[in-house]
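Trainee: Handing you a structure now.
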Amino acid sequence: MKKSGTLKRSNRGGRHPRTLAACGIALLMVGGGAAIPMSASARTSVPSWEEFRDATYQDEDGQFIVNGDETISDEFALREFYDRLAQGVMPSTSPGDLIANKGADGFLSLWSMHEVGSLSYCVSDAFGSAKAAVVQAMEEGAATWEGASSAVNFDYLPEHDARCNTRNSSVTFSVEPTRTTAYIARAFFPDTPKTRRNILVSNTLTTSGWSAGNIMAHELGHVLGFRHEHTRPEAGTCFEDNNWEPLTPYDSISIMHYPQCNGDSSSLEFSHLDYDGIQVVYGQ
């Protein structure tokens, strides 16, 4: 595997700089989540800030949804996101390297090795009759990443399901239902504050045409710190921003690559580069 240089982890939660040569991967959304469309060769006309703000879906908890299934905490942060996109600068990278998210401090947004081994979660009772399907999809999605790296452990704590929200300090994150159908599900990155750390899932999880387990594996890819693969120039479309670091070769069949963005897989299955990438970041 080609190394891409020295990449730095965020220092939150005891993180420290670490040399990486990893693989990025990312969920799925079928609507909602504003983006400024770009092609690999030229930028299109850029909407005004007001047009962009009005077109960006604002979730029920006040966060904005961008890039399909990623969250922006408030309008100030959304404006910063818009300003970066409006510059129209495509990421500069040599062909043959992949991607992980960079936090606001410029470091990679990843968990420490201690944290990634105990990522606890609950699944809200508010899902009602749909809860069993969400629990199963989460277990399948978690097993996808756990099977690739022994360092990764998602721990379901059902005793917290009755009070499953971002205020519950007994879990790392919560899995909660959303009333919107603007997206299938959305997630967060490791440097997201605890008060914003949840995965929201709509009632379209089992009717989207994709495997519910694969969808949740995609979302958990974000939770682990991975970006959408299709933001890379090689995809030729669906450029999101350049706030990422290259890790492994571009992977058009990655679980983090939207099929509708020139992806070569329509099933969101876990690829061999996804497998290699998680091991480079968190170990075998």
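The values are calculated or read from the model by the stated rules, or taken from the named source; none is laboratory data. Bear in mind that the values here come from a model prediction, so they are computed numbers and not experimental data. Methodologically, a virtual Cβ is constructed for each residue, glycine included, from the backbone with ideal geometry; neighbour enumeration extends over all protein chains shown. Note: accessible area is taken over every heavy atom of the protein model, side chains too, but ligands, DNA and RNA are not part of it. Shrake-Rupley method; radii C 1.70, N 1.55, O 1.52, S 1.80 Å.
Trainee: Taking G221, is it small (G, A, S), open to solvent by less than 40 Å² (accessible area, probe 1.4 Å) and within 30 Å of S129 (Cα to Cα)? Working first, answer last.
Mentor: On the way: small (G, A, S): yes; open to solvent by less than 40 Å² (accessible area, probe 1.4 Å): yes; within 30 Å of S129 (Cα to Cα): yes.
Considered against the rule, which asks whether it is small (G, A, S), open to solvent by less than 40 Å² (accessible area, probe 1.4 Å) and within 30 Å of S129 (Cα to Cα), G221 comes out as yes.
Trainee: State the number of residues belonging to the range 183-200 that are crowded, with 18+ Cβ neighbours inside 10 Å and under 15 Å from Q63 (Cβ atoms). Before the answer, list the steps.
Mentor: Of the residues in the range 183-200, the ones crowded, with 18+ Cβ neighbours inside 10 Å are 183-192, 197-200.
Keeping just the survivors that are under 15 Å from Q63 (Cβ atoms) gives 183, 185-189, 191-192, 197-200.
Matching residues across the range 183-200 total 12.
Trainee: Let me ask another. Could you give every pair whose Cβ atoms fall below 7 Å, whose first residue belongs to the range 268-281 and is within 21 Å of L205 (Cα to Cα), and whose second residue is open to solvent by 30 Å² or more (accessible area, probe 1.4 Å), counting only separations of at least 6 or pairs across chains?
Mentor: Note: pairs meeting the criteria are L268/W210; L268/S211; L268/N214; E269/N214; F270/T144.
Trainee: Of all residues in the range 247-284, which are in contact with a Gly (Cβ under 8 Å, 6 or more places away or on another chain) and either closer than 14 Å to L110 by Cα or among the β-branched types (V, I, T) (or both)?
Mentor: Answer for the range 247-284, where residues must be in contact with a Gly (Cβ under 8 Å, 6 or more places away or on another chain) and either closer than 14 Å to L110 by Cα or among the β-branched types (V, I, T) (or both): L247, T248, I253, I255, G277, V281.
Trainee: Considering each residue of the range 124-138, count those that are within 19 Å of T166 (Cα to Cα) and open to solvent by 50 Å² or more (accessible area, probe 1.4 Å), and give that number.
Mentor: The total comes to 2.
Trainee: Continuing with the same structure: With the structure loaded, tell me whether I215 is open to solvent by 10 Å² or more (accessible area, probe 1.4 Å), of a type in the set (V, I, T) and modelled with pLDDT of 90 or more or whether it fails that test. Before you say what the answer is, go through the steps one by one.
Mentor: Details: open to solvent by 10 Å² or more (accessible area, probe 1.4 Å): no; of a type in the set (V, I, T): yes; modelled with pLDDT of 90 or more: yes.
When the stated conditions are applied, I215 does not pass them.
Trainee: Still on this structure: Considering the range 226-284 alone, what residues qualify as being open to solvent by less than 20 Å² (accessible area, probe 1.4 Å) and not in a loop (DSSP other than H, G, I, E, B)?
Mentor: Selection gives F226, E229, H230, T231, A235, W244, D274, G277, I278, V281, Y282.
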